[in-house]
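See below for the structure under consideration.
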Amino acid sequence: MVYTSLQEELENGCGQKLKLKINDNRSTMLSVKWEPDCTIVSLHRMFLKAPQNVMQALACYIRRQDKMIAPSVKAFIEDNLKDMDYSHLLDHDKLSIQGHVYNLQNIYDDINREYFEKQLKLYITWFGKPNHKGRSQVTFGLYHDPLKLIKINRLLDSSFFPEYLVSFVIYHEMLHHVCPAYFDENGMHRIHSKEFKQKEQQYRYYDLAQNWIKEHQEYLFAEI
């Protein structure tokens, strides 16, 4: 019934028939394909509880009145992603925490105890290859919110990188869970909020880590 109501609301707003699919995808929340004979819309199940203003904005995009997805729709997705938990889909056997030099779980546990009162329930793993030569940019870490998963570049699993730096990168990614990204009043996507930046500076070796990165930029970001 809810599914039918959603389709009717969208079709009334768009003024056309739609092929609507509700999914539980953890990566693509919204997709629209304009075919010659029909418009195919795939929406995450979060849209089943979308407010009217979001549905109106979505209808404008589907009927191509708006060329870009409205900030209100993006903000709705961002807000709901915070409540999504797909961590049960993780294959724990594929998570790699013990490196040649650093054990990610041990460092994560220390940070969780010192800064978050052991309240965070996240997962962590290495990703990538240890060799970075020829790259113009380096991503130290990533946080995948739906999976509650922190991924740390295997490049850091080296004695060249001090433990306080590896710890800082993990702490930074943990903050992405505590202080999620958001859309501001101008529709701009903000990844690092004021609160995020304030908490980031509470890391005891913040200045030391920042200085280390600045001093080694030439090594880290070597061109081909």
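Kirkwood Rh over Cα pairs of the stretch 93-198 into Stokes-Einstein at 4 °C, 1.567 mPa s: D in µm²/s?
The calculation lands on 88 µm²/s.
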(message) At 222 nm, what value in deg cm²/dmol follows for the chain if DSSP H runs of at least 4 each add -39500 (n - 2.57) and the sum is divided by all its residues, to the nearest 500?
(response) -11500 deg cm²/dmol
(request) Return the percentage of antiparallel bridges among DSSP beta bridges fully within the chain, rounded to the nearest 5 %. (result) 50 percent
(message) Assuming 0.36 nm per residue, please report the length gained on full extension of the stretch residue 139 to residue 48 beyond their Cα-Cα distance.
(response) 29.2 nm
(message) Tell me the Kirkwood radius of the chain: reciprocal of the mean inverse pair distance over distinct alpha-carbon atoms, in Å.
(response) 20.1 Å
(request) Once every Cα of the stretch 7-56 carries one equal point scatterer and solvent is ignored, give the base-10 log of I(q)/I(0) from the Debye formula at q = 0.21, 0.26 Å⁻¹, two decimals. (result) -0.77, -1.10
(request) Between the alpha-carbon centers of the stretch 172-210 and the stretch 100-156, tell me the distance in whole angstrom. (result) 16 Å
(message) Out of all Cα-Cα pairs in the stretch 35-158, roughly what percent, to the nearest whole number, are more than 24 Å apart?
(response) 51 percent
(request) Report residue 200's accessible area, 1.4 Å probe, all protein chains in place, as a number in Å² to the nearest 10. (result) 20 Å²
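With an 8 Å cut-off on Cα pairs and a minimum separation of 6 or more residues, tell me the relative contact order of the stretch 1-118 in percent. Numbers along the way, then the final one.
Values: 99 pairs, mean separation 21.6, N = 118.
Relative CO of the stretch 1-118 lands at 18 percent.
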(message) Against the empirical 2.2 N^0.38 Å scaling, what ratio does the C-alpha Rg of the stretch 70-141 come to?
(response) 1.47
(request) Report the normalised scattering of the stretch 174-214 as log10 I(q)/I(0) at q = 0.14, 0.22, 0.25, 0.26 Å⁻¹, calculated by the Debye formula with identical scatterers on the alpha carbons. (result) -0.39, -0.76, -0.85, -0.88
(request) Would you kindly work out the equivalent ellipsoid of the stretch 145-213 from its C-alpha gyration tensor and give its semi-axes, the square roots of five times the eigenvalues, largest first in whole Å? (result) 25, 15, 10
(message) Just to check I understand the Karplus step: with θ = phi - 60° and J = 6.51 cos²θ - 1.76 cosθ + 1.60, what whole-Hz values come out for the stretch 36-50, glycine and proline as x?
(response) x, 9, 6, 10, 9, 10, 10, 10, 5, 4, 4, 6, 5, 10, 6
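The values are calculated or read from the model by the stated rules, or taken from the named source; none is laboratory data. Small disclaimer: the values here were computed from a predicted structure and weren't measured. Please note that ligands, DNA and RNA were not included when accessible areas were found on the heavy atoms of the full protein model with its side chains. Shrake-Rupley method; radii C 1.70, N 1.55, O 1.52, S 1.80 Å.
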